[in-house]
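Undergrad: Have a look at this one before I ask anything.
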C-alpha cells in the first residue's frame with residue numbers, strides 16, 4: 001500500500017478542500033401557489049407536480 005513520503009502543507013490541503021463546502025439548494029417558484037420549491041420535486045405547499053394534483057394536503061384540524 002502506498003504511503004505519502006511527505007506531509008501535505010496547509011495551503012495544499014485547503015486547495016483540495018475548496019470544493020467541499022455545502023451549497024444552498026436551487027429553488028424555483030411553484031406556478032400554482034407561488035411558493036418556493038426545489039426543481040423537479042413535488043410542491044410541498046399545494047401538492048402539484050407539472051400542473052396536475054399529485055398529493056392531497058390535509059387542512060389543519062385545529
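Each value in this text was obtained by applying a stated rule to the coordinates, not by laboratory testing. From a predicted model like this one, the values you see are computed outputs, not experimental measurements. When we count neighbours, we look across all protein chains shown, and the Cβ atoms used for this are built from the backbone with ideal geometry, even at glycine.
Undergrad: At what distance in nm do the modelled label points of residue 6 and residue 33 sit from each other, each positioned 7 Å from its Cα along Cα→Cβ?
TA: 5.9
Undergrad: Ordered by packing density, taken as the mean number of other Cβ atoms within 10 Å over each peptide's residues, highest first, how do 20-27, 33-40, 8-15 rank? Each step should come with its number before you reach the end.
TA: Numbers: 20-27: 6.9, 33-40: 11.8, 8-15: 9.6.
Ranked from most to least packed, the peptides come out as 33-40, 8-15, 20-27.
Undergrad: May I have the extent of the alpha carbons of the chain along their three principal axes, as whole Å values ordered from largest to smallest?
TA: 64, 26, 22
Undergrad: Using 0.36 nm per residue of separation minus the Cα-Cα distance, give me the extension gain between residue 19 and residue 49 in nm, one decimal.
TA: Numbers: separation 30, 0.36 × 30 = 10.80 nm, distance 3.23 nm.
Once the chain is fully extended between residue 19 and residue 49, it gains 7.6 nm.
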